[in-house]
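These notes concern the structure reproduced below.
Any read-out appearing in this document is the output of simple, stated calculations on the displayed coordinates, not a laboratory observation. For clarity, every value in this text was computed on a predicted model and none was experimentally measured. Backbone-built Cβ (ideal geometry, glycine too); neighbour counts: all protein chains shown.
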Amino acid sequence: MNPFDIGGKSILITGSTSGIGFEMSKEFNKSGACLTLLGRDQKKIDRLEQLLDNKLSTKFIKGDLNEDLDYIASQIDCLEGIVFNAGIVDYKPLKFIDETDFLKLFQTNYFSSIYLLKKLIKKRKINKSASIVFISSLSSTIGIPGTLAYSASKASIDSSVKVLASELSKNKIRVNSIAPGIIQTPLLNNEIFNKEKYRLEEDKYPLGLGLPSDVVFSVQFLLSDASRWITGTTLDINGGYKLK
């Protein structure tokens with residue numbers, strides 16, 4: 001048996017219809033995983049569904065993690081893997097941040113995932129020996145100006161991973177996070193990330209900017225039996241950014 005294989009595993013992916021989640025959904029579908037894919041936008045859900053090969057082994061849930069937690073939890077079957085990928089980005093210096101900004105980022109990037117996990121645990125919908133992966137960020141550890149609220153929300157994930165790994169270890173449930181640097185997704189196509197900004201950022205990465213596949217395959221490793229002895233860890237994948 002291939003220890004890296006996730007075929008047949010029942011896996012939930014939040015934020016599955018755009019960016020990294022979109023690519024992850026397609027790749028894991030090709031790998032034969034039984035997916036539950038969560039998204040907020042029906043048009044994006046429909047687009048993703050059209051691209052999948054194994055539609056019979058895939059379940060789609062339309063819902064907002066900030067508003068529909070009870071409904072979402074009720075639609076989820078027993079899981080062997082979870083990827084908490086849903087999140088938002090907002091860059092503002094401290095002097096321009098208000099309470100609403102902080103609450104919105106923490107609610108979406110942190111609380112919504114933690115509350116969903118709590119419901120799934122209480123409903124006993126996470127199988128023994130399951131693997132849970134949170135998507136964090138390089139920003140949580142390097143102090144980039146203008147990222148206070150975003151970085152704090154991601155740092156909360158990394159610290160919580162250690163606590164959750166300890167609490168859930170009695171059932172052999174593993175909990176880890178992945179902290180990517182800048183990944184080349186459509187999110188970079190905006191007025192902030194012009195060609196000059198793109199080049200300046202790329203120069204900071206000895207191996208260049210990341211691809212969605214770099215995150216996808218790292219998540220697959222943590223979901224697979226190949227990582228059965230890894231828990232409570234944040235995996236840095238940043239193309240050598242921290243070497244400088």
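Here's the list of lysines a cross-link from K44 could span, going by alpha-carbon distance under 18 Å and ignoring same-chain residues fewer than 8 apart: K26, K55, K59, K62. Going from the residue with the fewest nearby Cβ atoms within 10 Å to the one with the most, V216, V83 rank V216, V83. Annotation: the residues T58, T100, T36, sorted from fewest to most other C-beta atoms within 10 Å of their own C-beta, follow the order T100, T58, T36.
Considering only L105, Y150, L120, whose Cα is most displaced toward the positive end of the charge dipole of region 10-236, charges sitting on Cβ of Lys, Arg (+1) and Asp, Glu (-1)? After comparing all options, I get L120.
For G63, the residues whose modelled amide H falls within less than 5 Å of its own, excluding neighbours fewer than 5 places apart on the same chain, are G39, R40.
Kirkwood analysis of the chain, using all unique Cα-Cα pairs, places the hydrodynamic radius at 18.4 Å. Helices in the chain that qualify as membrane-span-like (whole DSSP H runs, Cα extent of at least 20 Å along the helix axis, mean Kyte-Doolittle hydropathy of -1.0 or higher) are 148-168. For the pair E67 and L243, a Förster radius of 41 Å applied to the C-beta separation gives a FRET efficiency near 0.45, rounded to the nearest 0.05. Cross-link reach is defined here as a Cα-Cα straight distance under 16 Å, omitting same-chain residues fewer than 8 places apart; for K162 the lysines meeting it are K118, K154, K170, K172. Residues whose amide H comes within less than 5 Å of that of S136, counting only those at least five positions distant or on another chain, are I178, A179 (H built at 1.01 Å from N in the peptide plane). Here D101 and L211 are evaluated by their C-beta separation; at R0 = 30 Å the FRET efficiency comes out at 0.50. Karplus-derived 3J(HN,Hα) values for region 61-76, using 6.51 cos²θ - 1.76 cosθ + 1.60 with θ = phi - 60°, are 10, 8, x, 9, 4, 7, 10, 10, 4, 4, 4, 4, 4, 5, 8, 8 Hz; glycine and proline are entered as x.
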